[in-house]
Amino acid sequence: MIGFISTRVIRWTARILSALIILIGLPFYFGYGSPLPFADPAYSTLDNLWLIIFPLMFIGLGLGWRYEKLGAVLVLMPLSIGFAAGMITEGEIPVFMGVPFLAGLLYGISEFTRPHAKG
């Protein structure tokens, strides 16, 4: 399937998706309460974990514009930890975090399917 879709299309889809996530997600993140990734005793452990994951995700989505591999790692790794913690503590995965996960996957796919110059 990836052979039919251009790497450029995958890359630009990831970039546009990332820009939308940043533009829509940052106001919600800053409006959540404490925008700093410090533990707040008023929140649950899972909420505090997500407050640490969100900045890494936003940074990864932004860096993915230029550095796809780094962006993919900074998006996929924290979100995977959040998904695992959500499954362990509450028995469910937050579905809305699937969109940034998709953007991270597209960054990774675009990086690893792009032809690289042999040096």
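Here is how the numbers come out for the structure above:
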item	result
Hey, Ser80 crowded, with 18+ Cβ neighbours inside 10 Å, in a helix (DSSP H, G or I), among the polar types (S, T, N, Q) and modelled with pLDDT of 90 or more or not	no
Residues located in segment 101-116, provided they are at pLDDT below 80 and surrounded by 14 or more Cβ atoms within 10 Å (Cβ to Cβ)	Thr113
Condition broken by Ile24, with the remaining ones in (1) surrounded by 13 or more Cβ atoms within 10 Å (Cβ to Cβ); (2) more than 24 Å from Arg8 (Cβ to Cβ) satisfied	(1)
Residue ID - surrounded by the most Cβ atoms within 10 Å (Cβ to Cβ), chosen from residues in segment 52-77 that are small (Gly, Ala, Ser) and within 19 Å of Phe30 (Cα to Cα)	Gly60
Positions within segment 16-41 being small (Gly, Ala, Ser) and either at pLDDT 80 or above or under 30 Å from Ser110 (Cα atoms) (or both), in sequence order	Ser18, Ala19, Gly25
Hits in segment 79-89 - residues which are in contact with a Leu (Cβ under 8 Å, 6 or more places away or on another chain) and without any contact (Cβ under 8 Å) to a residue 12 or more places away in the chain	none
Pair list, Cβ < 7 Å and 6+ apart or interchain, from segment 90-111 residues that are closer than 26 Å to Ile5 by Cα to residues that are among the charged types (D, E, K, R) and surrounded by 20 or more Cβ atoms within 10 Å (Cβ to Cβ)	Tyr107/Glu68; Ser110/Arg11; Ser110/Glu68; Glu111/Glu68
In segment 84-112, the residues that are over 12 Å from the mean Cα position of the chain (by Cα) and of a type outside the set (A, V, I, L, M)	Gly86, Thr89, Glu90, Gly91, Glu92, Pro94, Ser110, Glu111, Phe112
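The values are calculated or read from the model by the stated rules, or taken from the named source; none is laboratory data. The structure displayed is predicted, hence computed values, not measured ones. As a convention, Cβ positions derive from the backbone with ideal geometry for all residues, glycine included, and neighbour counts pool all protein chains shown.
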